[in-house]
1. Which percent of the accessible area of the stretch 1-94 is formed by carbon and sulfur heavy atoms (probe 1.4 angstrom)?
2. Sort 169-181, 209-221 by the packing proxy (mean of other Cβ within 10 Å over each peptide's residues), most packed first.
3. Note down the magnitude of the dipole of the stretch 371-479 about its Cα centre, charges +1 on Lys and Arg C-beta and -1 on Asp and Glu C-beta and zero elsewhere, to the nearest 20 debye.
4. Tell me which of Gly371, Cys340, Pro407 sits at the most positive position along the dipole axis of the stretch 323-443, charges placed on C-beta atoms (Lys, Arg +1; Asp, Glu -1).
5. Quick one: of Lys61/Lys187; Lys187/Lys254; Lys61/Lys451; Lys145/Lys345, which pairs are farther than 32 Å apart, Cα to Cα?
6. Using the Karplus curve 6.51 cos²θ - 1.76 cosθ + 1.60 with θ = phi - 60°, what ³J(HN,Hα) values do you get for each residue of the stretch 169-183, in whole Hz, with x for Gly and Pro?
7. Provide the per residue accessible area, probe 1.4 Å, for the stretch 321-426, rounded to a whole number of square angstrom.
8. Give me, ordered by chain and number, the residues 5 or more places off Lys451 or on other chains with an amide H under 5 Å from its own placed amide H.
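The values are calculated or read from the model by the stated rules, or taken from the named source; none is laboratory data. Here the structure is a predicted model, which means the values were calculated and not measured. Because the Cβ atoms are built from the backbone with ideal geometry, glycine has one as well, and the counts that use them run over all protein chains shown. SASA here: full protein model, heavy atoms, side chains in, ligands and nucleic acids out. Shrake-Rupley method; radii C 1.70, N 1.55, O 1.52, S 1.80 Å.
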Amino acid sequence: MVSSIPFHGWKATWGSSYEALALYRITLGFLLTLELVLRFRFLHAFYSDQGTLPLDLLMPKVDDLYKTICIHCHYGEEWQQQILLSIQVALAIMFMVGVQTRLTAFLSWFLYLSLTLRNPWMNYILDRYFHYLLLHAIFLPTAQKWTLFRKKKQQQATKQQAWVVSPATISLKLLLFWIYLDAGSGKLLDPLGGWSYSASPLPALDTYTRHTTAARYVYALLGPQGLRVMTPIVVWVELLSTPVAMLGSYLGSKALTYLSITLICSLHVGIALTLNNSALLSFAACVPWCIFLPYGWKSYVNETSNPKSNFYNWQNLLAALCLGSMMLGSLWIDAFSAGCDQSVKHIWSTLLHNRWNVFVGAEEYVTWEIGPGLLADGSVVDVWGRSEQVNWAIPGSGAPCTSTARPGRWRSFPYLAELEGAEGQALWGYLCEEWDRENKIDQFPGRQLIKFNFFMLQADVMPNMTFSATRKRLIHTQECVSTETTPAKGMEESVIETGYTFEKESGNDSDSGTNEQNTHSEEESEAVENDSREEQEEKSQSGNILESTQTEEMDENEVAMDVDDDTEEEQMKERQSETNTATRRAGHEEF
């Protein structure tokens, strides 16, 4: 039903009210401040020379333009990065409250791009949202309403002009249209049909609503059949939300406009509640929808200004030039650029990347990681989880371990396992240094980390909130202390009381099946005996891996898996799992 608001037509379709733009500024500034404050906890690990990517490894690989744009690439100490990040936080707060919004938006955008370039491994879809939303904020009049520093000249302008129609408002609405077209069409065209009603064996929503307490309540409320019905509805909400909002604006229908905004934001809130590490991303995705809000429509019933008189000015011409160049650049990088242009040694892949097709298929597996490590006193700990106990079981209700033990930016770590040489040593050696630093080995030498193994574990998603038996894959083995300095305590082949053994195996890294460790004393003793028998058979091989005990539920022959003996089908499943996991990872972010 069309409201009594006067017919605004194309002005409302491609423009926005000052109140809506002010809310855009406030929400964007608040979320940006929150994200930057949270980033402090990752500075040492990912943005300093003492971390996983020192400047002496990054700088030789990037071009001169990259070095010029990346301010953060010229400072390697953690305290220097803290100063830069503090400046970013101050600018974000100033932007939020309305202080020189165009300038603070530009500086925030530039420094955020610089921070992203400092470690391209840490570039997530959340960073893409901030990149594009801040870029548009540079050219939007976001300080005309709800600001502590509004001038009289600005007050008069808001009384005379009802709608802000500019290249920035047009570009932002086109961006929204593209985001959901890209995301929705990816789901709709999924070759496996994971987002269709007839998805087999499970629809996508059935596989995703398992990771949090709220997700389990949703699962219990809707049931498998309800989730199957809701799955294709999600796709069409994404595809139709922007066109419906534009139609509501064109008709002057507040009801239709609010309906579209409510549905799409409810979808993002649902993602925040049911997927770990996705809250900040979900809220950021709601920010651009502020531009459609019909706030202030009634205040402009007696509009007298001609929007054309304010459209053709130097600010809008500059906005059209910059935003138009970004659109053409995004088209070039995705459709026409060569592979070398997309390399991380150039800024183009970070500056122009504009794809949003995440969660495109049903989740076939859940994955999590553990890092069993051997200490100088002979004990075994979980280096990755910073825990005294090594637990091979699925954490929680199937949530990836990185969501609980190492949230946020740490999720990129397992996917960098193929790094070799100095880069690989810096990456994996950091875990050794981190453990020794946090456990104060100068005071407690027995807590020194000698070596660790990094495992990625997987379990198939099964019907009725269940999971298959656990598979494990050895991703990396890291020696933290050289053989010459390793304390001679017979640790190389010692059977630890917990049931874990450092054994000598072949140089080829292998996949070994595992299940959760049994805590009952009788079963633990039985596991130690099994480990001893295996040790006798494998003494002729070289290399060390950490094996887990086996439970009664899984036969030993089914559990033990070697990479060299994997069937072609299993290898294909693993590769598909890694691809799906990497895609899902792109859609998650920390809160």
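1. 69 percent
2. In decreasing order of mean packing, 169-181, 209-221 become 169-181, 209-221.
3. Here the size comes out at about 360 debye.
4. Projecting each Cα onto the dipole axis, the largest value belongs to Cys340.
5. The pairs that break the limit, which is 32 Å between Cα atoms, are Lys61/Lys187; Lys145/Lys345.
6. After applying 6.51 cos²θ - 1.76 cosθ + 1.60, I find 5, 5, 5, 5, 6, 5, 4, 4, 4, 5, 4, 7, 5, 5, 5 Hz.
7. On the way: 4110 Å² over 106 residues.
Heavy-atom accessible area per residue stands at 39 Å².
8. For Lys451, the qualifying residues are Leu374, Cys480.
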